[in-house]
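Accompanying notes for the structure given below.
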Amino acid sequence: MSKTKKLHIGMSLAATWLSGDAWRRQDSNVEGIYSTDYYVDIARRSETAKLDFVFRPDSLFLNPQALDNTPGSASLDPTVLLASIARETSKIGLLSTISTTFYPPYVVARQVQSLNWISNGRAGWNIVTALDGNENFGLPIMPSSQERYDRAAEFTEVVCQLWDSFPNEALKLNRDIGTYSDPSLVQPINHNGTNFSVKGPLNIPNPGHSRIPLFQAGASSVGRNFAASIADAIFASTPDRDAAIELRQDLQKRAEEHGRKPKDIRLLPGLSLYLAESRAEARELFQETHARMDRARKLASIGEMTGLDLNDWPNGRQITERDLPEAPQQVRSRTHSELLRRLIVRDEPTLDSLLMRPEVIGSAHWQIIGTVNDAVEEISEWAAAGAIDGFVAVPGGSVGSMHLVLSEMVPELAEVGLFRKDYSTTTLLGHLSE
Ligand SMILES: Cc1cc2nc3c(=O)[nH]c(=O)nc-3n(C[C@H](O)[C@H](O)[C@H](O)COP(=O)(O)O)c2cc1C
């Protein structure tokens with residue numbers, strides 16, 4: 001009998017369930033979002049559900065205007081936060097997001113390896129090239145996508161070499177003869193590249209229990225190539241099933257071209273879940289959450305991604321391929337602008353329906369609005385169609401919706417054989433390799 005391949009599930013710790021107007025609910029506990037207890041509670045619930053990992057996206061800039069009526073993107077540093085969660089959990093993976101555009105590789109190698117020690121092998125690194133924040137790091141303009149990815153590739157190579165530069169075998173700890181280590185095994189890396197010059201070795205040993213898994217987010221052609229060359233998984237935006245199937249097949253093909261196996265790269269799309277006891281309640285949750293969303297901001301975002309100025313368009317007018325100007329040369333994220341163009345070409349939406357689409361309001365994530373059963377059914381369909389290797393849950397609407405994901409939806413996926421009922425390892429790589 002063939003065994004159903006289990007999904008890999010992560011839980012985002014960005015408090016998306018407080019986005020829009022959801023933070024105004026009485027039970028939102030929005031006061032807690034800069035405290036550790038808030039996230040430890042979610043991480044423990046995620047561990048009870050046997051999730052592969054908790055994950056924190058990140059940015060290194062703040063738009064004060066976006067804070068006027070929502071918590072915006074202000075957040076704790078992900079690696080520091082995950083270190084505090086490490087002490088309160090024992091099995092779940094801890095995936096931190098760190099930009100290769102702004103940090104020096106030596107610092108990142110040290111931070112992630114420190115998290116790996118503190119958590120006994122549960123750390124992972126989500127590699128991003130970042131969307132904004134250049135002016136916080138002395139850069140007048142954001143480097144181009146190509147420059148960012150060139151730097152990311154060299155950065156990652158340096159980090160991996162640094163992790164290897166102080167191997168666990170170098171530690172001898174022989175009390176009788178007083179030998180602490182064999183220094184000949186601790187070697188400099190002497191890296192001299194286009195972007196970095198790093199001597200090494202790293203000042204923290206490799207614990208030796210398991211390799212640190214690498215994730216990547218960004219799915220332009222150059223982003224896919226980068227992910228296919230090194231990543232264990234890609235965190236992606238796939239608003240529809242065909243987009244996921246295309247991306248997964250393409251990543252697998254590219255991985256083979258890099259001498260890897262197709263299964264070495266796992267596609268884990270973001271999955272936005274608005275869950276409630278009935279479909280009507282879930283729909284209401286979604287409408288309430290987005291009722292006050294700033295129209296001008298959404299139109300500005302469409303303009304940035306496509307070059308389309310829709311400010312004077314009536315709500316009911318359809319937008320078609322003919323309306324699309326030449327794709328702008330410089331966009332914040334080619335992945336997101338291509339997904340939006342694709343939607344317009346395929347669906348020819350009216351303006352008011354476009355303004356409620358995940359491509360405009362939800363980072364272009366796959367979205368399910370409905371009951372736990374609806375979610376389990378749709379996830380099962382995507383898995384059966386070969387569209388996903390798992391997903392990263394990005395719950396929306398309310399704390400209740402987020403709790404339903406962890407306490408009912410994930411256990412139900414385990415019940416139908418699509419997810420583990422218990423952990424069989426204690427490292428992130430172990431979970432991903434199951
Ligand atoms: C699903 C997804 C999630 C992302 N998350 C982050 C993030 O948390 N922090 C960040 O700085 N950039 C993030 N990015 C931006 C990417 O790292 C990248 O800079 C951007 O998408 C441009 O690359 P592209 O041209 O391949 O799309 C994300 C991108 C995608 C597609």
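FYI, it's all coordinate maths here, none of it is from the lab. Bear in mind the structure is a predicted one, so any value in this text is a computation, not a measurement. Because the Cβ atoms are built from the backbone with ideal geometry, glycine has one as well, and the counts that use them run over all protein chains shown.
Helix 221-230 and the long axis of the chain differ in direction by around 30°, with both axes built from C-alpha atoms. Segment 117-137 and segment 154-181 have Cα centres separated by 23 Å.
Net charge dipole, segment 343-434: roughly 260 debye, given to the nearest 20, about the Cα centre with Cβ charges of +1 for Lys and Arg and -1 for Asp and Glu.
Mind putting a number on the dipole of the chain about its Cα centre? Charges go on the C-beta only, +1 for Lys and Arg and -1 for Asp and Glu, and I need it in Debye to the nearest 20.
960 debye
Given axes a ≥ b ≥ c from the Cα gyration tensor, I'd like to know whether segment 218-328 is rounded (a/c under 1.5), prolate (a/b larger than b/c) or oblate. Judged from the Cα gyration tensor, segment 218-328 comes out oblate (a/c at least 1.5, b/c at or above a/b). For segment 29-112, trypsin sites (Lys or Arg not before Pro) meeting the loop criterion (DSSP other than H, G, I, E, B) and having at most 15 other Cβ atoms within 10 Å: Arg87. Rounded, prolate or oblate for segment 50-179? Axes are the square roots of the Cα gyration tensor eigenvalues, ordered a ≥ b ≥ c, and the cut-off for rounded is a/c under 1.5. In terms of gyration-tensor shape, oblate. Taking a ≥ b ≥ c as the square roots of the eigenvalues of the alpha carbon gyration tensor, segment 1-111 is oblate, as a/c is not under 1.5 and a/b does not beat b/c. Relative to the longest principal axis of the Cα atoms of the chain, helix 105-118 runs at roughly 80 degrees.
Label-to-label distance for Asn315 and Ser197 is 6.1 nm, based on points extended 7 Å past Cα in the beta-carbon direction.
The calculated 222 nm mean residue ellipticity attributable to helices in the chain amounts to -11000 deg cm²/dmol, summing -39500 (n - 2.57) over DSSP H runs of n ≥ 4 and dividing by all residues. At q = 0.09, 0.13 Å⁻¹, what is the log10 ratio I(q)/I(0) for the chain, with the Debye formula run over Cα points and no solvent? Cα-only, vacuum Debye calculation for the chain: -0.58, -1.23.
Which chymotrypsin sites (Phe, Trp or Tyr not before Pro) in segment 45-79 pass both tests, a DSSP loop state and at most 14 other beta-carbon atoms within 10 Å? It would help to have the intermediate numbers written out before the result.
Values: sites: Phe53, Phe55, Phe61; in loops: Phe61.
Of the chymotrypsin sites (Phe, Trp or Tyr not before Pro), the ones in loops of segment 45-79 whose Cβ has at most 14 other Cβ atoms within 10 Å are Phe61.
Take every DSSP beta bridge whose two residues both sit in the chain; close to 10 percent of them are antiparallel. Listed peptides 22-28, 123-129 appear in the order 123-129, 22-28 once ranked by packing, highest mean of other Cβ atoms within 10 Å at the front. Report the one residue of Ala276, Pro262, Ser301 whose Cα lies farthest in the direction of the positive end of the charge dipole of segment 237-301 (charges on C-beta: Lys and Arg +1, Asp and Glu -1; origin at the Cα centre). Of the listed residues, the answer is Pro262.
So, with +1 on the Cβ of K and R and -1 on the Cβ of D and E, and no other charges, what is the size of the charge dipole of segment 31-161 about its Cα centre, to the nearest 20 debye? Before the final figure, lay out each step's value.
Numbers: 10 positive and 15 negative charges, 108 e Å.
The calculated dipole for segment 31-161 is roughly 520 debye.
Comparing Asn116, Ile141, Val186 along the charge dipole axis of segment 88-228, the residue lying farthest to the positive side is Asn116, per the Cβ-charge model. Taking the longest Cα principal axis of the chain as reference, the axis of helix 372-384 is set at about 70 degrees. Among Glu281, Glu408, Glu31, whose mean-square fluctuation peaks in a Gaussian network model of the chain (Cα, cutoff 10 Å)? Per the Cα network of the chain with a 10 Å cutoff, Glu31 tops the list.
Between the listed residues Ile245, Ser398, Leu173, the Cα displaced farthest toward the positive end of the dipole of the chain, a dipole computed from Cβ unit charges relative to the Cα centre, is found at Leu173.
Between their Cα atoms, which of Lys91/Lys253; Lys6/Lys261; Lys253/Lys421; Lys91/Lys172; Lys199/Lys261 are more than 22 Å away from each other?
Numbers: Lys91/Lys253 32 Å; Lys6/Lys261 18 Å; Lys253/Lys421 31 Å; Lys91/Lys172 28 Å; Lys199/Lys261 32 Å.
Long pairs (Cα-Cα over 22 Å): Lys91/Lys253; Lys253/Lys421; Lys91/Lys172; Lys199/Lys261.
Of all the options Ser165, Ser237, Ser398, the one that moves most in a Gaussian network model of the chain with Cα springs shorter than 10 angstrom is Ser165.
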